[in-house]
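Reading through the structure tokens given below for one structure.
The values are calculated or read from the model by the stated rules, or taken from the named source; none is laboratory data. What you see is a predicted model; the values in this text were computed from it and never measured. Note that we place each Cβ from the backbone using ideal geometry, even for glycine, and neighbour counts take in every protein chain shown. Accessible surface is based on the protein model in full, side chains and every heavy atom, while ligands, DNA and RNA are left aside. Shrake-Rupley method; radii C 1.70, N 1.55, O 1.52, S 1.80 Å.
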Amino acid sequence: MDNALTRLLEGRTVPIFNASMAGAAGARLASAVSAAGAIGMLGVPSAPELGTLDQAAAELEEQGAVWGAGFLSFALERDLTPLTRVLSHHPHVISLGFGESRAALDAVRDAGAVALAQVGNVDELHSAMMAGVDGIIVRGSEGGGHGRNELSTLTLLQIALDETDIPIIAAGGITTSRGLAAVMAAGARGAWIGTRFASAIESDFQEAAKKRLVSAEPGDTVYTRTFDIAQRAGWPPYYGGRALVNDFAENWHGREDELQKALESNETMTTDMLAARKDGRFDTAPIYAGEGSALIHTIESATDIIADLTRYREHLTAAKQL
């Protein structure tokens, strides 16, 4: 299918987006990713500070960046204001995920931006297909941050490619040029890459978090709801989060009911978790990251990351010779 998304991707050096990670993907990262030839994305939390969001979007618009923003649909169902603020700055693309919001999708279409839907299982895939979006991000369970934990990236990608002609963007565990080559060879039109860009110099992640990311080894992540429960976050329970294992997760993962009861009698637990995130105490606070963190060994610029990912074409050429 040739549509607005495929035309946008064809105009870029490499067909990738930095994932719209709230807390990591700010204007600096989106700008750097765009300047290096990919598509830069802003991460928008459920309740953003509107002035800060407005400023970030305005900066990208003024730079002439090729950019977009990712939103939580369950939050937009309560308030469309963050989306309308971003749309006023003419983004090229908007990603909607984690629930459905017809009003949000209509607003994106009315603004003329490319509309993407992020999905994590077959039911969500079918809903996105029915909505008629420009592209579908299929996020497998390897991915960092919030999402479903039902199907791996490769499995969900194959299902999507068999079921629809809507352009598919692969997400979850794609960290190196080999991973990008694999999903492109399968038929994806591009990739949605989070954890590697979270470790970039331009990421809004704290330096201590980046250092932990590049030190991660295979098996060092856990999919858990413990951090959301402790923070009293408003995420639906079927969207847990994949993060680096730390002392808090080791203590409470698998004991979520006990954690919930502990919170009822201990208000300070939530206060401490929120303070730990601010203070960079990552034995308590989460560092959301995917399984691909084990493949990241240095903190480098977005430009260098994209230059490395561009090598996916070499792997595809080599595969043709087999």
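Using the basic label-point model (7 angstrom from Cα toward the beta carbon), what is the Ser127 to Glu62 distance in nanometres?
3.8 nm
Does a label point 7 Å from the Cα of Ala186, set along Cα-to-beta-carbon, have any residues of region 270-298 with amide nitrogen under 16 Å, and which are they?
Label zone hits: 291-292.
7 Å from Cα along Cα→Cβ at both Gln260 and Asn3: what's the point-to-point distance in nm?
Spacing of the two 7 Å Cα→Cβ label points: 3.8 nm.
Need the list of lysines near Lys210 for cross-linking: C-alpha distance under 19 angstrom, and skip anything on the same chain fewer than eight residues off.
Reachable lysines: Lys278.
With a 10 Å radius around each residue's Cβ, average the other Cβ atoms per peptide and rank 182-190, 195-203, 308-316, highest first.
With the highest mean Cβ count within 10 Å placed first, the list reads 195-203, 182-190, 308-316.
Angle between the Cα long axis of helix 102-111 and the longest principal axis of the chain, 0 to 90 degrees, nearest 10?
For 102-111 against the chain, the angle is about 40 degrees.
Once the Cβ-Cβ distance between Glu250 and Lys278 is put in as r, and R0 is 22 Å, what FRET efficiency do you end up with, to the nearest 0.05?
0.50
Quick one: net charge of Arg148's neighbours, Cβ under 12 Å, K/R +1, D/E -1?
-2
How large is the accessible surface per residue of region 1-112, computed with a 1.4 Å probe and reported in Å² as a whole number?
Heavy-atom accessible area per residue stands at 40 Å².
Considering the dipole of region 1-114 built from charges on the beta carbon (Lys and Arg +1, Asp and Glu -1) around the Cα centre, which of Leu5, Leu50, Gly64 is farthest to its positive end?
Positive-most Cα among the choices belongs to Leu5.
In whole percent, how big is the carbon plus sulfur part of the accessible area of region 110-228, probe 1.4 Å, protein atoms only?
46 percent
In region 1-83, what GluC sites (Glu not before Pro) fall in a loop by DSSP, with at most 11 other Cβ atoms inside 10 Å?
Within region 1-83, the qualifying GluC sites (Glu not before Pro) (loop, at most 11 other Cβ atoms within 10 Å) are Glu49.
Probe of 1.4 angstrom, ligands and nucleic acids ignored: what's the accessible area per residue over region 158-208, in square angstrom?
Value for region 158-208: 35 Å² per residue.
Say the dipole of the chain comes from +1 at the beta carbon of Lys and Arg and -1 at that of Asp and Glu; which of Gly145, Leu125, Thr176 then lies farthest toward its positive end?
So the residue we want is Thr176.
With only Lys, Arg, Asp and Glu charged, each at its Cβ (+1 for the first two, -1 for the last two), find how big the charge dipole of region 167-322 is about the Cα centre; round to the nearest 20 debye.
So the magnitude is around 680 debye.
Per residue, how much accessible area does region 211-322 have with a 1.4 Å probe, in Å²?
54 Å²
On a C-alpha basis, how far is the centre of region 221-244 from the centre of region 20-73 in Å? Whole number, if you could?
24 Å
Add +1 for every Lys or Arg and -1 for every Asp or Glu among the other residues with Cβ under 15 Å from the Cβ of Ile159, and state the total.
So the environment of Ile159 carries a net charge of -4.
Calculate what fraction, in whole %, of the accessible area of region 1-101 sits on carbon and sulfur atoms when a 1.4 Å probe is rolled over the protein chains.
49 percent
Roughly how many nanometres apart are two label points built 7 Å out from the Cα toward the Cβ at Glu150 and Ala35?
Here the answer is 4.1 nm between the modelled labels.
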